[in-house]
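Heads up: the structure comes next, in structure tokens.
The values are calculated or read from the model by the stated rules, or taken from the named source; none is laboratory data. Quantities reported herein were computed from a predicted structural model and do not represent experimental measurements. Cβ sites come from the backbone with ideal geometry, for glycine too, and all protein chains shown count toward neighbours. Accessible surface areas use protein heavy atoms only, side chains included; no ligands, DNA or RNA. Shrake-Rupley method; radii C 1.70, N 1.55, O 1.52, S 1.80 Å.
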Amino acid sequence: MKNFNFAELIFSFFRTILAKWMRTTVQGGSPQELGLNPDQPVLYAVRVPSLSAQLVIDQECITRGLPSIRSAMPNQFGEKRSYITLNQRKGSLLRKSLVPVTSDRLINSIQTINQHEDLDLQVIPVTVIWGRNPDKEKSLFRSMFSDNWSSAGKFQQFLTVLIHGRDTLVQFSKPISLRSIMKENEPEEKTAKKIQRILRVHQRRSREAIVGPDLSHRRTLMRSLLHSNVMRQAIRKEADEHNISIEKAEKRALKYADELASNMSYSTIRFLEVILSWVWNKIYDGIEINHIENLEKVARGNSLVYVPCHRSHIDYLLLSYLLYQNGYQTPHIAAGINLNLPIVGSILRRGGAFFMRRSFKGNPLYSSLFNEYMHNMFTRGFSVEYFVEGGRSRTGRTLSPKAGVLAMTVRSFLRDSKKPIKFMPVHVGYEKILEGNTYLGELRGANKEKESVGVLFKALKHLKNSFGKVRVNFGEAIDLKTELDAFRPGWREEGLGEDYRPDWLNDFVNQLANRVVTNINSSASVNPINLVAAVLLSTPKQALSEHVLIEQLDRLKLLMTNTPYSSLVTLPEGNGADWVKYAEEMKAINRKEHSLGDIILTDETQAVLLTYYRNSILHLLAIPSLISLLCSNNPTLERGYVVRLCRWIYPYLQNELFIHWSEDQVEENINLWIDHLVEQGLIKVDGNCLLSPEAGSSEFVTLQLTAQPITATLERYYIAIELLRIRGKGVLDAKELEKQATEMAERLSILHGLNAPEFFDKALFRSLISILLERGVITKADDDTLHFDEQIDTIADDARLILNSQVRHSILQVTRHNPESLPEKEAEKES
């Protein structure tokens with residue numbers, strides 16, 4: 001008894017000393033959070049027999065009102081301690097490996113429960129991670145001794161506690177009922193082994209969610225890739241087609257693997273966290289995270305694919321940083337080969353980047369290797385990040401998705417669906433984009449700037465500037481299995497294999513790609529610069545009296561609050577006056593003092609850049625803007641006709657802006673917006689008719705400003721329709737229509753001083769032509785020329801209600817009187 005008391009005294013002494021040194025972050029550390037039954041005993045399950053871990057856990061148990069890890073179990077159990085270890089250490093003094101063991105204490109506990117029907121045991125897995133509170137780390141030396149998958153010897157563990165005692169994460173997981181796992185008449189030892197296996201899997205998943213999966217040596221990984229069945233076949237095919245030896249083809253594949261594979265290093269990641277913390281503090285006024293609970297729901301037990309919007313090179317650095325800061329594993333990131341720069345490429349590779357070529361065309365060996373590499377990532381449980389938009393958006397809009405890597409993800413899952421795959425959409429909202437000046441030049445026609453070390457060093461000069469706040473919103477996760485079940489219910493029974501490429505794959509991937517970008521948009525973050533841009537760019541000269549601008553901003557926020565686009569969209573705090581002041585501080589707008597009241601305006605450069613921030617929230621404004629446009633251009637319209645016309649136009653807006661309502665749902669939302677515009681006095685009601693407010697009234701001004709954001713989009717549609725009508729059937733093919741429409745739009749923007757470069761974006765016309773073909777408005781003949789019927793005249797007639805006469809006349813002038821863009825026969829007629 002004396003020895004026992006002395007041992008407890010020594011333990012308490014060290015626990016008290018360590019508690020003064022330790023600083024811990026605790027997850028799930030209260031009886032309420034864990035949902036403990038106070039009438040049943042508790043047994044803690046820890047990874048290894050570590051004294052330091054026991055000291056930390058016991059201190060947190062005492063602090064948070066949990067049973068002590070050192071306390072004796074109830075008399076029926078006859079055990080002096082309330083914990084078991086899942087593994088034992090074996091090996092040298094400095095470095096040991098872990099060997100699974102079966103606990104005698106657990107076997108005895110199972111025997112006791114079998115003998116007492118009213119007894120149960122609540123088993124709580126506890127994870128301790130040293131050096132996993134990243135906002136405290138300050139040096140590479142410290143990160144070298146932080147926790148990873150290897151088992152430290154006693155000396156290294158001592159150094160780890162000394163260095164990282166103030167940076168430690170303790171995670172108490174939900175208790176597991178021992179009785180619920182036990183089977184009747186099953187031997188106690190067999191039951192104990194099964195329970196400890198379950199607990200080890202649980203611990204591993206918890207650890208993976210925090211520090212990521214155990215990493216193999218990079219060269220070992222590359223060699224294992226080359227020895228897979230898929231790659232052996234690809235190497236033999238490469239040798240046959242190029243008349244080279246197997247050895248030479250294998251060396252070529254190994255060279256590709258070396259170019260491709262990441263070399264993730266946890267110590268490098270922790271070092272980068274220190275650097276990035278300093279950078280963010282220099283250039284940003286804060287980073288706001290919203291809806292991270294969506295990530296918490298799916299972080300464990302799944303292969304996560306992060307699919308953020310792509311606005312800046314900051315995107316992937318910021319997301320990895322935030323995931324690390326919040327205790328999630330850092331993803332492997334698909335980066336363009338253009339970023340594999342000297343020095344920088346090596347650092348990015350150690351931070352988790354793997355480099356992919358822009359095109360796999362004509363190189364089946366590289367394509368096979370990349371597919372196999374991705375499959376390896378998913379089946380081993382790594383988190384992966386890639387941008388479905390492909391490149392960065394230069395206009396602020398969400399770009400049409402590129403489905404290549406997404407298709408590889410789906411094929412990998414079809415090949416092996418044991419590990420669930422969840423897509424996590426992420427929206428990153430900037431108040432000031434780091435590449436703003438570069439984008440400005442490209443929008444004005446300058447060539448895209450090539451990535452180089454010099455370009456990156458030039459970016460360092462921005463460290464003295466403020467770029468406002470960044471908001472990161474986590475969207476609604478997408479489960480790949482659920483999507484497949486809905487699209488193809490019997491997909492599991494279809495002879496799946498390594499080379500399985502079903503004929504429905506492309507359609508499914510395209511649908512999934514659109515779902516991903518739509519979910520990104522559904523979690524958009526709105527900031528003051530977005531709102532100021534939306535209102536100010538709605539004026540002819542990008543200028544407004546300050547009091548009018550403030551009033552319009554307040555009205556806009558009220559509209560967006562009372563009729564929310566989705567529950568995941570976030571709006572800024574404050575009011576119109578706050579946002580005008582803030583935008584001025586950010587140098588997004590200018591002020592001209594005047595005796596009758598200050599005027600807020602922009603110069604040409606500011607106006608072009610503001611289109612970027614307006615475009616980021618254009619999908620949120622599309623429906624109210626369309627309704628406002630119809631009502632501001634027509635003194636009176638039947639409500640039913642407004643709804644029908646909006647429904648007809650909606651698929652084209654949905655295709656371009658990735659709006660989340662289905663065509664069946666949109667009518668309800670159109671009516672909700674109409675009701676809200678009526679409540680605000682922006683539309684009057686007379687029976688079944690909607691009336692425009694009195695011209696010149698503040699309500700009419702607001703209605704006109706609300707109408708403007710979508711006007712340019714509809715003008716673009718009208719340009720394409722008029723070109724088809726004027727040229728006639730069977731004259732233009734899709735490529736020529738795209739070319740001529742782009743030229744017409746560019747000419748119109750010059751003539752009318754439109755500071756919106758995306759107005760003549762080829763990709764937007766290409767997307768419009770695609771949806772016109774899809775919906776049968778136009779058809780393609782055998783010679784690829786475009787044909788249409790009288791439906792196109794109906795569309796042109798409806799344009800009279802949507803666009804005012806001045807706009808329509810301008811478009812007709814440009815489309816009818818530009819002989820340079822006409823085919824030879826048409827040009828001769830014009831002359």
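The table for this structure:
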quantity: Candidates Leu768, Leu714, Leu773, Leu732, filtered to the one that is modelled with pLDDT of 90 or more, within 33 Å of the chain's Cα centre (by Cα), among the hydrophobic types (A, V, I, L, M, F, W, C) and over 19 Å from Leu618 (Cβ atoms); calculated: Leu773
quantity: Residue match in segment 414-426 (condition: modelled with pLDDT of 95 or more, open to solvent by 70 Å² or more (accessible area, probe 1.4 Å) and assigned to a loop (DSSP other than H, G, I, E, B)); calculated: no
quantity: Qualifying strands (runs of 3 or more DSSP E) (wholly inside segment 288-399; at least 1 residues being touching a Phe, Trp or Tyr at 6+ places or on another chain (Cβ under 8 Å), closer than 23 Å to Phe467 by Cα and open to solvent by 10 Å² or more (accessible area, probe 1.4 Å)); calculated: none
quantity: Boolean, Glu774 is farther than 16 Å from Arg727 by Cβ and surrounded by 14 or more Cβ atoms within 10 Å (Cβ to Cβ); calculated: no
quantity: Check on Val161, out of contact with any Lys or Arg (no Cβ under 8 Å at 6 or more places or on another chain), surrounded by 13 or more Cβ atoms within 10 Å (Cβ to Cβ) and modelled with pLDDT of 85 or more; calculated: no
quantity: From the options Glu694, Glu667, residue that is surrounded by fewer than 17 Cβ atoms within 10 Å (Cβ to Cβ) and in contact with a Phe, Trp or Tyr (Cβ under 8 Å, 6 or more places away or on another chain); calculated: Glu694
quantity: Top-ranked residue in segment 239-279 [being in contact with an Asp or Glu (Cβ under 8 Å, 6 or more places away or on another chain) and part of a helix (DSSP H, G or I); ranked as farthest from Ser320 (Cα to Cα)]; calculated: Ala249
quantity: Extreme residue, most open to solvent (accessible area, probe 1.4 Å), among residues of segment 188-224 that are of a type in the set (Ser, Thr, Tyr) and either at pLDDT below 75 or assigned to a loop (DSSP other than H, G, I, E, B) (or both); calculated: Thr220
quantity: Cβ-Cβ under 6 Å pairs, at least 6 apart or on other chains, segment 660-685 side in contact (Cβ under 8 Å) with a residue 40 or more places away in the chain, far side outside any helix (DSSP H, G or I) and among the basic types (Lys, Arg); calculated: none
quantity: Any hit, segment 247-265, residues being surrounded by fewer than 22 Cβ atoms within 10 Å (Cβ to Cβ), within 20 Å of the chain's Cα centre (by Cα) and of a type in the set (D, E, K, R); calculated: no
quantity: Residue match in segment 705-723 (condition: open to solvent by 40 Å² or more (accessible area, probe 1.4 Å) and of a type in the set (S, T, N, Q)); calculated: yes
quantity: Residue match in segment 786-795 (condition: open to solvent by 50 Å² or more (accessible area, probe 1.4 Å), at pLDDT 90 or above and more than 14 Å from Ile719 (Cα to Cα)); calculated: yes
quantity: Residues located in segment 471-494, provided they are more than 21 Å from Val305 (Cα to Cα) and in a helix (DSSP H, G or I); calculated: Trp491, Arg492, Glu493
quantity: Residue match in segment 482-496 (condition: modelled with pLDDT under 95, among the hydroxyl-bearing types (Ser, Thr, Tyr) and under 25 Å from Glu372 (Cα atoms)); calculated: no
quantity: Condition broken by Lys469, with the remaining ones in (1) modelled with pLDDT of 95 or more; (2) open to solvent by 30 Å² or more (accessible area, probe 1.4 Å); (3) out of contact with any strand residue (DSSP E or B) (no Cβ under 7 Å at 6 or more places or on another chain) satisfied; calculated: (3)
quantity: Conditions (1) modelled with pLDDT under 85; (2) open to solvent by less than 70 Å² (accessible area, probe 1.4 Å); (3) not in a strand (DSSP E or B); number of the one not met by Lys96; calculated: (3)
quantity: Some residue of segment 54-69 being farther than 20 Å from Leu178 by Cα, open to solvent by less than 40 Å² (accessible area, probe 1.4 Å), in contact with a Lys or Arg (Cβ under 9 Å, 6 or more places away or on another chain) and part of a loop (DSSP other than H, G, I, E, B); calculated: no
quantity: Candidate set from segment 168-187 (those that are at pLDDT 85 or above and among the charged types (D, E, K, R)); member that is least open to solvent (accessible area, probe 1.4 Å); calculated: Arg179
quantity: Residue within segment 604-618 that is assigned to a loop (DSSP other than H, G, I, E, B) and buried (at least 21 other Cβ atoms within 10 Å of the Cβ) present; calculated: yes
quantity: Check on Leu568, of a type in the set (A, V, I, L, M, F, W, C), open to solvent by 70 Å² or more (accessible area, probe 1.4 Å) and not in a helix (DSSP H, G or I); calculated: no
quantity: Which numbered condition Leu609 fails, given (1) at pLDDT 95 or above; (2) closer than 27 Å to Asn437 by Cβ; calculated: (1)
quantity: Long-range neighbours under 7 Å by Cβ, at least six apart or interchain, first residue closer than 18 Å to Glu758 by Cα within segment 723-745, second open to solvent by 30 Å² or more (accessible area, probe 1.4 Å); calculated: Glu738/Lys762; Glu738/Arg766; Thr742/Phe760; Thr742/Lys762; Ala745/Phe760
quantity: Residue, modelled with the lowest pLDDT, within segment 800-831, restricted to residues that are assigned to a loop (DSSP other than H, G, I, E, B) and open to solvent by 30 Å² or more (accessible area, probe 1.4 Å); calculated: Ser831
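Table: residues versus (1) basic (Lys, Arg); (2) in contact with a Cys (Cβ under 8 Å, 6 or more places away or on another chain); (3) modelled with pLDDT of 85 or more; (4) under 19 Å from Gln329 (Cβ atoms).
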{"position": "Gln88", "(1), (2), (3), (4)": "no, no, no, no"}
{"position": "Ser92", "(1), (2), (3), (4)": "no, no, no, no"}
{"position": "Leu119", "(1), (2), (3), (4)": "no, no, yes, no"}
{"position": "Glu137", "(1), (2), (3), (4)": "no, no, no, yes"}
{"position": "Trp149", "(1), (2), (3), (4)": "no, no, no, yes"}
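Okay, residues lined up against (1) open to solvent by less than 10 Å² (accessible area, probe 1.4 Å); (2) of a type in the set (A, V, I, L, M):
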residue: Ala477; (1), (2): no, yes
residue: Lys481; (1), (2): no, no
residue: Pro489; (1), (2): no, no
residue: Arg492; (1), (2): no, no
residue: Arg501; (1), (2): no, no
residue: Leu512; (1), (2): yes, yes
residue: Arg515; (1), (2): no, no
residue: Ala534; (1), (2): yes, yes
residue: Ala543; (1), (2): no, yes
